[in-house]
Structure formats: structure tokens, C-alpha cells
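Student: The following block contains the structure, expressed as C-alpha cells.
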Amino acid sequence: MSYELIGITVLWTFLYGYLIVASIDFGAGFFAFYARIKKKDHLINDLISRYLSPVWEVTNVFFVFFFVGIVGFFPATAYYYGTALLVPGSVAIILIAIRGSFYAFNNYGSRENTFYLFLYGATGLLIPASLSTALTISEGGFLDEVDGNVVFLAKELFTSPYSWSVVFLSIVSVLFISATFLTYYADRADDQQARKTLRQFALFWSMPTIVASLLVFMSLQMHNPQHYDKAVTDYWWMFGLSLVCFGFASWFIYIEKRYGTAFIMVMLQFFFAFFGYGASHLPYILYPYITLHENVTNETMAFALVVVFILGLLLLIPSLFLLMRLFLFDADYVKGKKK
Amino acid sequence: MELDGVMLSRLLTTMTLMFHIIFATVGVGIPIMIAIAEFIGIKRNDPYYLLLARRWARGYTITVAVGVVTGTAIGLQLSLLWPSFMEVAGQVIALPLFMETFAFFFEAIFLGIYLYTWDRFKGKWTHWLLTIPVMIGSSASALFITTVNAFMNTPQGFELKNGEMINIDPIAAMLNPATPSKVFHVVTTSYMTSAAILAAIAAFAILKGRGGEYEKKALRLTVACTFIFSILTAVAGDVSAKFLAEEQPEKLAAAEWHFETETEADLIFFGTINEETGEVENEIRVPKLLSFLAGNSFQTEVIGLNETPEDERPPLWIHYMFDTMVSIGMFVMAVTMLFVLIDRVKKWNAFNKPLLLAILASGPLSMVAIEAGWILAEVGRQPWILRGYMKVAEAATTSNSVGLTFAMFAVLYLVLGVMAVIVLIRMFKNSPAEAELEKRFPNRG
Ligand code: HDD
Ligand code: HEM
Ligand code: HEM
């Protein structure tokens, strides 16, 4: 395996990790807000806060890891995306900043403030929408190079069916992933009422996820036929597996059994879809300007990054494991018996 | 001054960094203080110190949150505002940035565990042990990011041939000549400033009439720590000056208004300068001290600014930044030393009003020194972004929406800053130390 392939695999895996943990977080914010205005917050908000409090910072680091890593392995991405995305990128940063800080303000400061919770819930849906545009742009057609300057074709983006279908998909996926995880967490906590509410959310958001995925496929065929062809001829089986996993997940939730397996199935559903999408996207990182092999950083740096990555993992995996043991798999903590 | 894309990019970068550095500094230093307090608390079985650690940790969650989100902002902004710089420099210096994310991971994970496991473990020391990875993580972040900044000042580890980077050596780039002095100074000043801010809070409480055992113990501990860290800071500052004399003489010369290369060079304190003639007035002049500062001997030859081509000289106003930083360093050291000495003498009262006021001032002043120090270091590098290789003007984004972005971030930082202060004040007002002590340790001796 070449360094660039290792590099992109690592980064894609971390982006996948971010997709899962951040979705749980983003969706939880929305549910918490929704429960507050429906006066049901006593049912689920404690549970949500018990899970989120210790981990929200870690979630954020997944994201930092991804963008630092991609600029490290493929410095040209900084140039193209950086020049083009100043305004949308800044909007995304500001949303993330508001979300993170207001979470802390709310959670550690004054607990009962509905306005903080509103900001927290709303940004939870806006951030995935704005971040997903970076993936949309990577399909090409939204950047242009004029006299050596990169320009962003905002009008194209806002009128593209493909771009809107991706935004739609990102929002419903967030809610679906989050609801299935929280159902599982509520089940572990033996919290019947929370589980009931959250299970309804999960079922409610399952169908839109599939509809949105189909829409993305259809609009991709119009927008970037080359990518679409590669996806359906070489990697159709990945998307097939994804659909199968989705079926299992929904079934388990429907029959109210095995919520843990259901969540793993959801993770696999997104795993296959995400890697199928990523694999068929290659060799382009940003179509047609940046490719895997031409725009990778120099060999010494790539090697050094891979070495640091391996060493970093040795540090990270046991720590993450400890974190999960203390807060996710410790039944007493989950039930709220331990502080 | 023309407000073009380059200027606006510089202003936006400056604003973000100046805001981030407040929280980053506290983020590096406070874990040390928490660890010390919890250590003493367990060792002496003293609930006061345990409560100190708890309350500091609670406030820390707020500053960390703002540090994390503003840090994320810088990380992205560097690519958004300086795309050409990141594309070129990234070839050589991406490694420590990548390492830094692991340090963040490490710190974030253990901080999460630390904050939510106060009463979770059986052994007394288990919870304290969690402070070690937090301290390592936060100080390592400072180390790695500072190597990047050091690299911008004294780039090495590559060769430039026809605009191409060749013979790249990421380790040599990290271990560039500026790294040791910079890391040493940045880390010690973070510790010093954090301790000074905590001391200022304790002094404020006592001045407000809440002079119980808890506040007194807090003040004694934090002032002693500030004193020790301020000595280390001065040593590190001296090392930094010697490094500048050796490797980046134009920065030192501009900071010291030193034009002619000479031995027995004088140190100039404050004063005014006529930029046309180079005439210095109203200054305090300490004979030969600059030579001593630059090389531990009055005979050291200090290179003057006249050796640098005119269009590569940093602005002369950084002199005031240097003086501000050094004066504050001396002030804080003197105040904390005085407190420690007076407190040792039984007959004297260290908790007198003038001294408490001076300690109260030391906290915010230290933060001012941090800002002044960074402005000195960064503006003193002008006009280069990568000294000797790339000028700032060549690196900036070509986008023409920087002005709009600047406005958006200005509002964001204003809101974050105000909110953080309000939340912190409310957090501690709603739960006074005495009440919490009663609640948590009802049967203390
Ligand atoms: C509490 C804050 C504080 C205090 C009291 C001091 N400094 Fe400082 N100084 C910093 C905070 C700082 C800093 C913010 O940490 C800087 C900015 C960049 C850096 O490397 O450290 C810095 C930079 C900096 C530089 C430039 C280094 C470079 O660009 O490579 C020099 C020469 C000094 N300092 C020297 C001193 C001296 C002689 C001091 C006397 C006591 C002193 N500093 C006190
Ligand atoms: C440690 C890593 C750092 C990096 C990679 C970095 C990077 C940069 C960059 C890219 C610029 C814009 C180019 C320029 O104007 O020179 C800049 C300028 C500046 N930075 Fe830093 N910086 C770092 C640390 C800091 C910190 C912590 C501060 C804190 C206050 C700071 C203060 C400034 C200031 C005041 C300027 C403006 C200089 C001017 O434009 O006149 N820097 N820095
Ligand atoms: C010497 C100056 C700086 C110091 C001491 C410093 C230190 C810190 C600290 C302590 C945090 C909080 C980390 C955490 O608790 O997880 C932080 C956050 C962050 N800093 Fe800075 N920083 C400095 C300058 C910079 C610069 C110039 C950059 C940009 C390259 C940067 C990038 C970041 C990022 C991306 C985060 C967020 C990490 C996360 O999400 O956890 N920092 N920084």
C-alpha cells in the first residue's frame, strides 16, 4: 500500500468516526431541544447529558484530526478549499464554536436556559448541513480557476439538486444515528420512558434516511456520471450491504429487541455506504484538481505522518477504551447512580 | 495602512490568535495548579485543598471549551487565510500539527474522565493520577504548536530549488534553532500566568471580606507558585533574548532600538524615537546591559538594525511590547516575593490591603504580558511569514470577502468572551466556597 493510500484510508476512517460520534452529539442536541419544547425533557435530557458531558470534547478532536491530517497529507487541499471556502468555512467554524461553548455554558453553568438549548439544537442540524457541502464540492463543478485564482461558484451550489440532496441526507442521517444510539443507551440505563420516546424517534427517521440516500444517488448520476458509474459498477455490493444492515437495524428496533445490535448495524450501514462512496470517489480528492497520487505531500513527510499516526494510535486506543468503559459500559454510571 | 486582503487577513489572524491565546495559556497552566492542589489535599488529608482542586476544575471546563472552539477556528483559519503558506510550509511542518491533534485527544479524553470521576475510585490516589495525562497533553500541545511558530521564525529542514521544496527533513524542521527557547518561555509563562490569575481571584475574595481559611490557603499556594514560575519565566526570557541575538538579530535590534553593531551596547527602557533620524529621547538607559543580556558579557557584540535591508526591518514600536512584558515580569516577581517573605515572618501581616491589591493586579497584568510577548514575537518577524523565504503579502488568500469574515468573527469573540465571564461569575456566586465545604465535607475536624 502506498503512503497516500494509507493516508487517505486513515483520514477517511477518522472522518467516519467523526460522522458517528458527532451525529450522536448533533442529534442529541436536537432531541434535547425538541423534548424541552414538548415538555418531555424530564424524560430524556438527563440521560443525554450523562452521555454527552464527558465526551463532547473528544468528538471535536475527531474533526480537528481530520482537517489537520488532510492538509498534512495533501497540502494542495489547503490551497483549493482554503481559497474557495473562506466564507462558508467561516460560517461552519462559527456554528461549531457557538455549539461547543454554549454546550459547556449550559451544562456547567446555568442548566435551565432554553435559549442556550435552542442554539445547541439548531446548530446540531446546521453544522452537518454546512460540513457536508465540503463533500459536495469535492464532486467538482463548484470551483473554477480564473487567472490562477480559485473561485467558488456559490450560485451553482445553491441551485444544484445534488447539493440539496446531500444536505437532506446529512440531516436525516444525523437524527437516525443519534436516535438509534440513544435508544440503546436508554435501554442500558433501564429507563423505560426515555427508551420509548427515543425508539419512536429512531423509527420515525429510518425511512427518510433511505429516501435521502436514493435521492443522492439519482442526483449524483446527473452531476458526476463518472463517479456514479464507478459506484454502481465496482462498488454496488458495498451499497447493497449497507441496505441489508439498515434492514436489520430497523427490524430489531421495530420488534423492540437487541438495541445494541441494532446500533452496530446502523454503524455498519453507514460504514459500507461511506467507504463505498469514498472508494468510488478515488483517485480524485477534489475533482478534477486534486488526485490521490499527484498531490500527496513529499515522501519523507508522508512516512513521518504514518509513523506518528501509528504511535498515536497506541496511545489513543487504550485511552478511548478506558473512556468507554467508564461512561458507556459502566451500567451504574449509565443508570445515573454514580456521579 | 491600506485595508486590502492581506491587511485584513493579518488583522483576522491576529484577532483570533490574541483571543485564543488567553484560553490556551490558561489551558496549559491550570491543570498544573489543579494537580498541585489535589496532591496536597490528599497528602495532608486537607479538604480545603481538595475543594480548591474541584472548584478550579469546574471553572476550567468553561475556559477549555472556549479554548477548544477558538483553537478549532485557528486551525481552519490558517488554511482559509494563508492557503499558499499552508501549501508550501505544510510540506515541511505538518508533522507537529498532526502530533498536536494526538495531544489534544489525550488531554480531552483524560480531562473528560477526570471531571466526572471525583468519587468513583476506591484508592485516594487513582483520581489524582488522571491529572498526569491531562498535564502532559496540554503542555505537549503547547510544545508542538510552538515548534510550528518557531519554524516560521527560523525555518530549516528543507532546501528551496526553483520554487520546489527538496531534501525535506520534518524532524530538523521541528527542532529548529528557535524551538528550545520558545517552548521553554511559552510553557513557563503559561504556568506563571495561570497561577497569577488564580492568585488574583483569591486576593479579590479576601479584599471583598471573605478572608476565611479556604481563601488564605488558596492565596498562599497560588502566590508561592506564581513566584517560582516567574523566576523560571525570567530565566526563559533571558534564554530567548540570547537566542534572538544569535539567530534573529533584527528582532532584538528593533525591540531595543539598537542601530549600530557594537560591543558594550546599552539597554534602552521606554522612551520615544524619531523614526527619521533614529534619535532616542526620554529613555532610561542602562549602560552595557544589552550586551550582557545578549551574551552574558559586556563585551558581547550585538548586531544593529542597520545591517538589515530597510524593507526587511520589523516596525520599531515592538520596543514598547518588549518593555511592557519585561516590566510586568519584574513587577509580578517582586510582588509575589514580597508576599512570600512577609508571610514567613510571624509578626507581619502579609494579607494587607496594598499587597493584596498588587496581587490582584498581577493576574490580568500577566495576561497582558502574554499578549505583549506574542505581539513582539510575531510583529518582530515582519515582513516575513517564513523568515527568509516567504513574505506575508505573498501568502495571503486572494478572496475578497475577508472583511465580512472579520466582522463575523469579531462578533463571535465578543459574545464568547462576555458569556464566558458571565457564566464563570455565576457559577461561583451560586455556590460559595464555605457552603460547598459544609456540604462536601460535613465532618471535617
Ligand atoms: C507572562 C508573560 C511573560 C513575561 C513576564 C515575560 N515574557 Fe517574554 N514572552 C512571553 C511572555 C512573557 C510569550 C507570550 O510567551 C512570548 C511570545 C512568543 C514567545 O516565544 O514567548 C514572549 C517572547 C519573548 C521574546 C521573543 C522570543 C522570540 O521571538 O523568539 C523575548 C526576547 C522575551 N520574551 C524575553 C523576556 C524577558 C527578558 C522577560 C523578563 C522577565 C520576559 N520575556 C518576561
Ligand atoms: C504558535 C503558532 C502560531 C502560528 C502558526 C502563527 C501564525 C501566524 C500567521 C500565519 C500570521 C500572519 C502573518 C503575519 O502577519 O505575520 C501571524 C501573525 C500574527 N500572530 Fe502568530 N502564529 C502563532 C502564534 C501566535 C500567538 C499564540 C499569538 C498570540 C497572541 C500570535 C500573534 C500574532 C500577531 C499579533 C500577528 C500579526 C502580526 C502582523 O501582522 O503584524 N501568534 N501568526
Ligand atoms: C502557543 C500558542 C498556543 C497554545 C499554547 C495553544 C494551546 C491550546 C490548548 C491548551 C488548547 C485546548 C486543547 C484541549 O483542551 O483540547 C488549544 C486548542 C486548540 N488549538 Fe491552540 N494553542 C496555541 C496556538 C494555536 C495555534 C496557532 C493553532 C493553529 C494551528 C492552534 C490550534 C488549536 C486547535 C485546532 C485547538 C482545538 C483542539 C481541540 O478541538 O481539542 N493553537 N490550543
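The values are calculated or read from the model by the stated rules, or taken from the named source; none is laboratory data. Here the structure is a predicted model, which means the values were calculated and not measured. Using ideal geometry, Cβ is built from the backbone for each residue, glycine included, and neighbour counts are taken over all protein chains shown. For the accessible areas, the whole protein counts, side chains as well, though only heavy atoms, and no ligand, DNA or RNA atoms are used. Shrake-Rupley method; radii C 1.70, N 1.55, O 1.52, S 1.80 Å.
Student: Sort out which residues of segment B:11-47 are away from ligand 3 (no atom under 14 Å from the Cβ), open to solvent by 40 Å² or more (accessible area, probe 1.4 Å) and in a helix (DSSP H, G or I), and write them in order of number.
Tutor: Across segment B:11-47, the qualifying residues are B:LEU11, B:ILE36, B:PHE39, B:LYS43, B:ARG44.
Student: Let me ask something else. Does any residue of segment A:74-84 turn out to be over 30 Å from A:LEU153 (Cα atoms) and either crowded, with 20+ Cβ neighbours inside 10 Å or in contact with a strand residue (DSSP E or B) (Cβ under 7 Å, 6 or more places away or on another chain) (or both)?
Tutor: no
Student: Which one is nearest to the chain's Cα centre (by Cα) among residues in segment B:272-300 that are surrounded by fewer than 16 Cβ atoms within 10 Å (Cβ to Cβ) and in contact (Cβ under 8 Å) with a residue 40 or more places away in the chain?
Tutor: Of everything passing the filter in segment B:272-300, B:ASN296 is nearest to the chain's Cα centre (by Cα).
Student: Here's a follow-up. Give just the number: which of (1) within 30 Å of A:LEU311 (Cα to Cα); (2) in contact with a helix residue (DSSP H, G or I) (Cβ under 6 Å, 6 or more places away or on another chain) does A:GLY89 not satisfy?
Tutor: Answer for A:GLY89: the failing condition is (1).
Let's see how each residue does on (1) more than 26 Å from A:TYR289 (Cα to Cα); (2) part of a helix (DSSP H, G or I); (3) more than 7 Å from chain B (Cβ to nearest Cβ):
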residue: A:ALA35; (1), (2), (3): yes, yes, yes
residue: A:SER49; (1), (2), (3): yes, yes, yes
residue: A:VAL61; (1), (2), (3): yes, yes, no
residue: A:PHE67; (1), (2), (3): no, yes, no
residue: A:VAL71; (1), (2), (3): no, yes, no
residue: A:THR77; (1), (2), (3): no, yes, yes
residue: A:ILE94; (1), (2), (3): yes, yes, no
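Student: Hey, A:ASN60 hits all of (1) more than 12 Å from ligand 3 (Cβ to nearest atom); (2) under 19 Å from A:PHE102 (Cβ atoms) but one; which does it fall short on?
Tutor: (1)
Student: Within segment B:380-390, identify whether any single residue is among the aromatic types (Phe, Trp, Tyr) and either within 14 Å of ligand 2 (Cβ to nearest atom) or open to solvent by 50 Å² or more (accessible area, probe 1.4 Å) (or both), and answer yes or no.
Tutor: yes
Student: Determine which member of the set B:GLY59, B:GLY41 is at the interface with chain A (Cβ under 10 Å from one of its Cβ atoms) and under 30 Å from A:PHE321 (Cβ atoms).
Tutor: Going through B:GLY59, B:GLY41 in turn, the sole match is B:GLY59.
Student: Which condition from (1) over 25 Å from A:THR136 (Cβ atoms); (2) surrounded by fewer than 23 Cβ atoms within 10 Å (Cβ to Cβ) is the one that A:PHE168 breaks?
Tutor: If we test A:PHE168 against (1) over 25 Å from A:THR136 (Cβ atoms); (2) surrounded by fewer than 23 Cβ atoms within 10 Å (Cβ to Cβ), just (1) comes out false.
Student: So which of B:THR179, B:THR189, B:THR146 ends up being touching a residue at least 60 places away in the same chain (Cβ under 8 Å) and within 16 Å of ligand 2 (Cβ to nearest atom)?
Tutor: It is B:THR189.
Student: With a cut-off of at least 3 residues that are aromatic (Phe, Trp, Tyr), name the helices (runs of 4 or more DSSP H) lying wholly within segment B:354-445.
Tutor: Filter on segment B:354-445 gives B:402-429.
Student: So which residues in segment A:269-299 are surrounded by 18 or more Cβ atoms within 10 Å (Cβ to Cβ) and in contact with an Asp or Glu (Cβ under 7 Å, 6 or more places away or on another chain)?
Tutor: Of everything in segment A:269-299, those that are surrounded by 18 or more Cβ atoms within 10 Å (Cβ to Cβ) and in contact with an Asp or Glu (Cβ under 7 Å, 6 or more places away or on another chain) turn out to be A:SER280, A:TYR287, A:LEU292, A:VAL296.
Student: Sticking with this structure for a sec: Can you tell me which of (1) more than 8 Å from chain A (Cβ to nearest Cβ); (2) within 24 Å of B:PHE406 (Cα to Cα); (3) acidic (Asp, Glu) is the one B:GLU107 doesn't meet?
Tutor: Tallying (1) more than 8 Å from chain A (Cβ to nearest Cβ); (2) within 24 Å of B:PHE406 (Cα to Cα); (3) acidic (Asp, Glu), B:GLU107 fails exactly one: (2).
Student: Could I ask something else about it? Please pick out the residue among A:VAL216, A:VAL266, A:VAL232 that is more than 18 Å from the chain's Cα centre (by Cα), hydrophobic (A, V, I, L, M, F, W, C) and in a helix (DSSP H, G or I).
Tutor: A:VAL232
Student: Right, something else. What single numbered condition from (1) more than 23 Å from B:THR179 (Cα to Cα); (2) more than 13 Å from ligand 2 (Cβ to nearest atom); (3) more than 14 Å from every other protein chain (Cβ to nearest Cβ) fails to hold for B:ALA393?
Tutor: Here B:ALA393 clears every test but (2).
Student: Go through segment B:315-356 and report how many residues are surrounded by fewer than 15 Cβ atoms within 10 Å (Cβ to Cβ), at pLDDT 85 or above and under 26 Å from B:TYR214 (Cβ atoms).
Tutor: The total comes to 1.
Student: Out of the residues in segment B:17-38 meeting the condition of being of a type outside the set (Gly, Ala, Ser) and within 9 Å of ligand 2 (Cβ to nearest atom), tell me which one is farthest from the other protein chains (Cβ to nearest Cβ).
Tutor: B:THR25
Student: When both residues are 6+ apart or on different chains and their Cβ atoms are under 7 Å apart, which pairs have a first residue that lies in segment B:64-83 and is closer than 21 Å to B:ARG10 by Cβ and more than 16 Å from ligand 1 (Cβ to nearest atom), and a second that is open to solvent by 20 Å² or more (accessible area, probe 1.4 Å) and not in a helix (DSSP H, G or I)?
Tutor: From residues that are closer than 21 Å to B:ARG10 by Cβ and more than 16 Å from ligand 1 (Cβ to nearest atom), the pairs are B:LEU80/A:LEU85.
Student: Look through segment B:359-370, keep the residues that are within 12 Å of ligand 1 (Cβ to nearest atom) and surrounded by fewer than 19 Cβ atoms within 10 Å (Cβ to Cβ), and return whichever of them is farthest from the other protein chains (Cβ to nearest Cβ).
Tutor: B:VAL368
Student: More than 7 Å from every other protein chain (Cβ to nearest Cβ), open to solvent by 10 Å² or more (accessible area, probe 1.4 Å) and hydrophobic (A, V, I, L, M, F, W, C): does that describe B:LEU97?
Tutor: The answer is no for B:LEU97.
Student: Take segment B:84-94 and flag every residue that is closer than 24 Å to B:LEU8 by Cβ, more than 7 Å from chain A (Cβ to nearest Cβ) and either among the aliphatic types (A, V, I, L, M) or without any contact (Cβ under 8 Å) to a residue 60 or more places away in the chain (or both).
Tutor: If the condition is that a residue be closer than 24 Å to B:LEU8 by Cβ, more than 7 Å from chain A (Cβ to nearest Cβ) and either among the aliphatic types (A, V, I, L, M) or without any contact (Cβ under 8 Å) to a residue 60 or more places away in the chain (or both), then B:VAL88, B:ALA89 are the ones that fit.
A quick yes/no check of all residues on (1) in a helix (DSSP H, G or I); (2) more than 10 Å from ligand 3 (Cβ to nearest atom); (3) crowded, with 23+ Cβ neighbours inside 10 Å:
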site	(1), (2), (3)
B:TYR60	yes, no, yes
B:THR72	yes, no, no
B:SER84	yes, yes, no
B:VAL92	yes, yes, yes
B:THR101	yes, no, yes
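A quick yes/no check of all residues on (1) within 16 Å of ligand 3 (Cβ to nearest atom); (2) away from every other protein chain (no Cβ under 14 Å); (3) touching a helix residue (DSSP H, G or I) at 6+ places or on another chain (Cβ under 6 Å); (4) within 30 Å of B:ALA334 (Cα to Cα):
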| residue | (1), (2), (3), (4) |
| --- | --- |
| B:SER230 | no, yes, yes, yes |
| B:THR233 | yes, yes, yes, yes |
| B:ALA253 | no, yes, yes, yes |
| B:PHE259 | no, yes, yes, no |
| B:LEU267 | no, yes, yes, yes |
| B:ILE273 | no, yes, no, yes |
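Student: Which of (1) more than 8 Å from ligand 3 (Cβ to nearest atom); (2) within 14 Å of chain A (Cβ to nearest Cβ); (3) farther than 30 Å from A:ASN298 by Cα is the odd one out, the single condition B:LEU52 does not satisfy?
Tutor: (2)
Student: From the list A:ILE8, A:ILE20, which residue is away from chain B (no Cβ under 12 Å), more than 15 Å from A:ILE177 (Cβ to Cβ), under 19 Å from the mean Cα position of the chain (by Cα) and away from ligand 3 (no atom under 16 Å from the Cβ)?
Tutor: A:ILE8
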